[in-house]
There are 2 protein chains.
Amino acid sequence: MYRTHTCGELRLADMAKAVTLAGWVQTIRKFGAITFVDLRDRYGITQLLFGEELTRQLDEQPLGREFVIQVTGKVNERSNKNPNLATGDVEIIVSDFSILNRSAVPPFTIQDDTDGGDDLRMKYRFLDLRRNAVKKNLELRYAVNRAARNYLHQQGFMDIETPFLIKSTPEGARDFVVPSRMNPGQFYALPQSPQTFKQLLMVSGYDRYYQIVKCFRDEDLRADRQPEFTQIDCEMAFVEQEDILEMFEGMIKSIFKEVKGIDYQEKLERMTWEDAMWTYGNDKPDIRFGMQLCNLKFPAHSFRTRKSISDLITGAGFQVFDGAETVIAISVPGGSEYSRKQTDEITEWVKRPQIGMKGMVYIKCNTDGSFKSSVDKFYPEERLKAIAAAAGAKPGDLVLILAGAEERTRKASSELRLEMATRLGLRKEDEFKLLWVIDFPLFEYAEDENRWVARHHPFTSPKPSDIETMISNDPEIKDAAKYLEHPYAQIKANAYDMVMNGNEIGGGSIRIHQRELQEKMFAALGMDAEEQQHKFGFLLGAFEYGAPPHGGIAYGFDRLCAILGGSEVIRDFIAFPKNNSGRDVMLDAPSSIDEKQLVELQIKLNLNK
Amino acid sequence: MYRTHTCGELRLADMAKAVTLAGWVQTIRKFGAITFVDLRDRYGITQLLFGEELTRQLDEQPLGREFVIQVTGKVNERSNKNPNLATGDVEIIVSDFSILNRSAVPPFTIQDDTDGGDDLRMKYRFLDLRRNAVKKNLELRYAVNRAARNYLHQQGFMDIETPFLIKSTPEGARDFVVPSRMNPGQFYALPQSPQTFKQLLMVSGYDRYYQIVKCFRDEDLRADRQPEFTQIDCEMAFVEQEDILEMFEGMIKSIFKEVKGIDYQEKLERMTWEDAMWTYGNDKPDIRFGMQLCNLKFPAHSFRTRKSISDLITGAGFQVFDGAETVIAISVPGGSEYSRKQTDEITEWVKRPQIGMKGMVYIKCNTDGSFKSSVDKFYPEERLKAIAAAAGAKPGDLVLILAGAEERTRKASSELRLEMATRLGLRKEDEFKLLWVIDFPLFEYAEDENRWVARHHPFTSPKPSDIETMISNDPEIKDAAKYLEHPYAQIKANAYDMVMNGNEIGGGSIRIHQRELQEKMFAALGMDAEEQQHKFGFLLGAFEYGAPPHGGIAYGFDRLCAILGGSEVIRDFIAFPKNNSGRDVMLDAPSSIDEKQLVELQIKLNLNK
């Protein structure tokens, strides 16, 4: 061993001990005839004192930043203590040192506030990883990993490894494929998730399974998507939705306790998908703050059970509201003092192409009880007051109102709500609010193909009460314009998402475990019997031999870690991430391969001209 | 939850409790008007008693093997207890039951001694996994996983995930490659191991890293090799060989304790590679038994420091020995009573093509002190006695002697030793003997290319005392016939293997951490500067920025589990293994993919005619 202690462990109690340390040179400060060096390793920083003689040696054999050195010496009390450092009370009076390895000048500083840009840091990721800011992210990641494993182990779950070289069954996202040399012309696929395998394990009787496992999706990468990502993947047999919600509420609380020291006592709120859409315009609402949507107007077929309050706004001759499918208001606390410039700026914000609204109406609820709005000429103060009351606005608040087509308006309202909360500082990264969103629709309508697609995935079961609806109806959509009237549009899934601070961190469902229902589901998604057999014959076959009722959940591990770390940038929580083109710029991968490899695989390139 | 208890937990203490169980029907035994059903789940088997009324219901709604049922009833004391079952004192008097799912008749019986052949069991692996024999293997695997993780965590190791989509740098085994759709004409490779990443992590300062991780090699599969396999992969910085040996001796002992309840006290023997080859003919000796090799004759250049005892056999006019490069004897305890038929059979065994010897000489050391041999006409009894003494034979033993070319004869002697031990029952699957093999040669000679190849891998450092030899000599082999005289043939690696019961379960090395030495190594393997830069530029670059001394080890997790489970068949310890053609017969993978996928990837098939 090159050291007796790490750079993070020596204290005053170690006074006068003879020690050997090894690590990286963080800083060198020469004071006249003596030299101070801060030596860094994974565990901390310890100050070294090189006396006159050694300082003369250093002149001949100079150290530089990031040199790896080994020093022997005695622990001494520092005259000038550093209270910001755990080791700040001591220094090592060096008696001997050797340079274990030199370092070129790093392309950026190895500090929390580095001068390195993103690209440079990714190319030299091995240096970036030395920075404390990145190290603590990876340490948090490992802590979450341990906490999840320990909880699941205590609950009787078994880690069972599922294969990585599987069969390509593209459904939803694209598979990465791997040509098989031993089976020319054939390909493996890398798993998008271990979904079918964990279901097979349930059929096999391993009634509590988990894995923290890499998954792969060949998607066009949006910002902060990775082609390979990690899931905490879990499945249970002989359970109903309630059992899963209880079990994984326990897991997340255990993670909070172990990793963040937070005793998250509250029972997780459960919100139906419809309530989430109605109240927050979003199926992963951030409930750290209020500012709920006020649905002034909405299409009846989307929210069948809700009572219309459109009287509040219609019949005033304001064509924007009268002609809109949906009108939604939110109340911004303390916003009545906003200047014209500020409300104009918010209006510009909602008109950005990403949000896509044509304009915005506001009502200022002045502290003196009066109202002032951008539509004063259509609405007398009485009506403004009624609208503001519906939106839950108090004196001093500002009501913002968007109007337009249902989907776009609802989404824009959700975005506006989040934006205003961010501006108001209501989205605190050290505050955590969890909830379950439940009762999702089982199907989504794919307009371009005029067919149903699975909202979650094709293995999700309908609510028990909807099974009959699913089996007894023909999935075909005869009239595209009236797809919402098809019975399938009303089928609810036995599915659930765990949402934290406006991010979906986990999602799952009770699965189909009956062959007939699974076939009906595949058929509803447009898969004929032959395709079903080719792609999922093994699963349909397994369901014939005593498949138990089962369900599970998968957490996006990278995102979970990022949010627990107070960030939404998952790349910062991955040791060796890829960039937005799916490249590892450090390795320079992907890259061309030898012709010999192509020949052996019996494939050739077929590049588009 | 579909149950209040599992099928493995009820005891007499639970008498009269109302319980609900769910599981699979293992057996159905009708006794007149009542029916006994054994209900099985992951945790055990519980006997169910269906009374007269329910038995009548069963007549209408019959159960079958592997049906999934849920029953409610009361715990009762069995009159006819089954001491072989943890739940054997009780039964459930069923008051209500429901069939959760039916099962077709399984293609083989779900029992320890199943009637299913290998192919059938692999096709229906989800049923095979229900068998207790397979389940206990996966449970053992999980226990080893937990024990390794817990030990490494306690020792301050961090699990850090390394990427799966990396760069193809074929060196040794073939890479599996993954075409990149976003970077047409380019490919990722799947990692053969996280070797370079874990070294980068050392450069980054994460001085204790581990991962239990899938690795991939596209090799022609010998029996019991898998294209994807799992490693316990570890690396440490600021260490020397001794530190690694200590640390991982601790890990394996911890695994023995946790998983097998075995307190493995002995310090692991350390044996040089040369001693292993000399004494056992093998670099992974099974030391559960003796029967060491007696080197009657050997080539001086292979074992420079050993004293020749060839006088014992030469000059007797026996051309087979006189003309052989190598003559090796082993003594089989109690073998003097073997019949002529038995010695003939052993001779036939060594003449099999897999062993490849031309014949075998034996000397019977009779219990009366006389000697009888197949070469009596060349060797008088005095000489036979001296040879037998050299081989360590006692009265009653049988000395077997092989002669021929060094490599083949040594290998055959090793095989013969293992075979005789197997026949004598000396290789007990519940006895475990571990050792470290150290001081391997750094290079091997590749005859077909007349160049050096790395015995371990190109990142392994030479022994510190051999670095000078490596740097100051030209790697070129000018005279192929005299390659053993090249200084590189004598360079020893800073490498070590952990061997258990004749299997290499782990191997590693202290790595090169200096750019110049790494370049010299690459050059010695025939890689020019351009190729070095293309394949490993990132690593060479990293070594310029303060790489610490480091080393590590990787365990073959599948094999480790198999041997701990008393088997050498790793397939039995993998949930979803592939067959010897790399196929998953359950999934029917690999398989052809859609033309659309090929077009998107801009590749096409180029099948050999």
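The values are calculated or read from the model by the stated rules, or taken from the named source; none is laboratory data. Because the structure is a prediction, the values reported are computed rather than measured. Here Cβ is always computed from backbone atoms with ideal geometry, including for glycine, and neighbour counts include all displayed protein chains. Please note that ligands, DNA and RNA were not included when accessible areas were found on the heavy atoms of the full protein model with its side chains. Shrake-Rupley method; radii C 1.70, N 1.55, O 1.52, S 1.80 Å.
List of remarks:
- Solvent-accessible area lost in complex, 30 Å² minimum, residues of the range A:546-573 relative to chain alone, 1.4 Å: A:GLY546, A:PRO549
- Of all beta bridges that DSSP places with both ends in chain B, some 90 percent have antiparallel geometry.
- Across peptide A:599-609, the average count of Cβ atoms from other chains found within 10 Å of a residue's Cβ is 5.
- Take A:269-278, B:341-350, A:518-527 and order them by the average number of nearby Cβ atoms within 10 Å per residue, most first; the result is A:518-527, A:269-278, B:341-350.
- Bridgeable lysines around A:LYS609 (alpha carbons under 24 Å apart, same-chain partners fewer than 8 residues away excluded): A:LYS596, B:LYS596, B:LYS604.
- Residue-averaged [θ]222 nm for chain A, counting only DSSP H segments that reach four residues, each worth -39500 (n - 2.57): -8000 deg cm²/dmol
- Euclidean distance of C-alpha centroids, the range A:78-130 and the range B:116-134, integer Å: 55 Å
- Checking every one of the trypsin sites (Lys or Arg not before Pro) in the range A:152-250 against DSSP loop status and a limit of 14 other Cβ atoms within 10 Å picks out A:ARG222.
- Ratio Rg/Rh [Cα only; Rh per Kirkwood] for the protein assembly as shown: 1.02
- DSSP-assigned coil residues among trypsin sites (Lys or Arg not before Pro) in the range B:447-513, each with at most 10 further Cβ atoms within 10 Å: B:LYS478
- Residue mean of other protein chain beta carbons inside 10 Å, B:205-218: 4
- Shown for the range A:12-101: the carbon plus sulfur share of the solvent-accessible area, taken with all protein chains present and a 1.4 angstrom probe, equals 50%.
- Protection-proxy order for peptides A:150-163, A:529-542, each taking the mean of Cβ atoms within 10 Å per residue, highest first: A:150-163, A:529-542
- Angstrom value of the Kirkwood radius, inverse mean 1/r, which spans all Cα pairs in the range B:365-517: 19.4 Å
- Around the Cα centre of the range B:21-141, unit charges on the Cβ atoms of Lys, Arg, Asp and Glu (plus for the first two, minus for the last two) sum to a dipole of about 360 debye.
- Paramagnetic label zone (point 7 Å from Cα along Cα-to-C-beta, A:ASP224; backbone N under 18 Å) in the range A:114-128: A:118-119
- Surrounding net charge for B:ALA412, when Lys and Arg each add one and Asp and Glu each subtract one, Cβ distance under 14 Å: +1
- Once the C-beta distance of B:GLU246 and A:LYS257 is scaled by a Förster radius of 25 Å, the resulting FRET efficiency is 0.15 to the nearest 0.05.
- Average accessible area per residue (Å²) across the protein assembly as shown - probe 1.4 Å, nucleic acids and ligands excluded: 40 Å²
- Mean separation of Cα contacts under 8 Å, 6 or more apart, over the residue count of chain B: relative contact order %: 13 percent
- Calculated log₁₀ intensity ratio I(q)/I(0) where the Debye formula runs over C-alpha points of the range A:504-569, q = 0.13, 0.15, 0.16, 0.23 Å⁻¹: -0.54, -0.63, -0.67, -0.92
- Each label point was placed 7 Å from the Cα along the Cα-to-Cβ direction; for A:THR469 and B:ARG11 their separation is 4.9 nm.
- Cα gyration tensor category, rounded, prolate or oblate, for the range A:429-497 with a/c compared to 1.5: prolate
- Carbon-plus-sulfur accessible fraction, the range A:152-257 (probe radius 1.4 Å, protein heavy atoms only): 41%.
- Shape category assigned to the range A:386-441 from the gyration tensor of Cα positions, a/c cut at 1.5: oblate
- Entries in A:LYS136/A:LYS198; A:LYS198/B:LYS535; A:LYS123/A:LYS214 that, when Cα-Cα distance is taken, lie over 28 Å: A:LYS136/A:LYS198; A:LYS198/B:LYS535
- A P(r) calculated from all alpha carbon pairs of the range B:458-606, with 10 Å bins opening at zero, reads 9, 22, 22, 25, 19, 3 percent.
- Near A:LYS267: Cβ cut-off under 13 Å, other residues only, Lys/Arg at +1 and Asp/Glu at -1. The net charge is -2.
- Cβ-defined net charge surrounding B:GLU219, 9 Å radius [Lys, Arg +1; Asp, Glu -1]: +2
- With each label modelled as a point 7 angstrom along the Cα→C-beta vector, the A:ASN606-A:GLU419 pair spans 4.6 nm.
- Peptides A:412-418, B:84-90 ordered by packing proxy, namely the average of other Cβ atoms within 10 Å per residue, highest first: A:412-418, B:84-90.
- Over the range A:12-101, equivalent-ellipsoid semi-axes from the Cα gyration tensor in Å: 19, 14, 13
- Scattering from chain A was approximated by placing one identical point on each alpha carbon and applying the Debye formula without solvent; log10 I(q)/I(0) at 0.07, 0.08, 0.10, 0.12 1/Å stands at -0.62, -0.78, -1.07, -1.28.
- Distance histogram in 5 Å bins (all Cα pairs of the range A:528-609, percent per bin): 3, 10, 9, 9, 10, 10, 13, 19, 13, 4, 0
- The distance between label points at A:GLN61 and A:ARG352 comes to 5.7 nm (points 7 Å beyond Cα on the Cα→Cβ vector).
- For the range B:289-427, the spherically averaged projection of the C-alpha convex hull amounts to 7.9 nm².
- Neighbouring partner chain Cβ atoms per residue of B:140-147, average, 10 Å criterion: 3
- Residue-wise HN-Hα coupling along the range A:450-461, computed from phi with Karplus coefficients 6.51, -1.76, 1.60 (Hz; x: Gly, Pro): 6, 8, 8, 10, 6, 5, 9, 7, x, 9, 6, 8
- Lysine-lysine proximity count for the range B:289-427, Cα under 12 Å, sequence distance 8 or more or distinct chains: 6
- Contact order for the range B:12-101, expressed relative to its length and based on alpha carbon pairs under 8 Å spaced 6+ residues apart, stands at 33 percent.
- Figure note: A:ASP38, B:ASP233, A:ASP96 ranked by solvent-accessible area, largest first, 1.4 Å probe, ligands and nucleic acids not counted: A:ASP96, A:ASP38, B:ASP233.
- Accessible area buried, both sides summed, chains A and B with 1.4 Å probe, Å²: 11600 Å²
- Backbone amide hydrogens, once placed in the peptide plane, bring B:ASN501 within less than 5 Å of B:ILE287, B:LYS433, excluding anything fewer than 5 places away on its chain.
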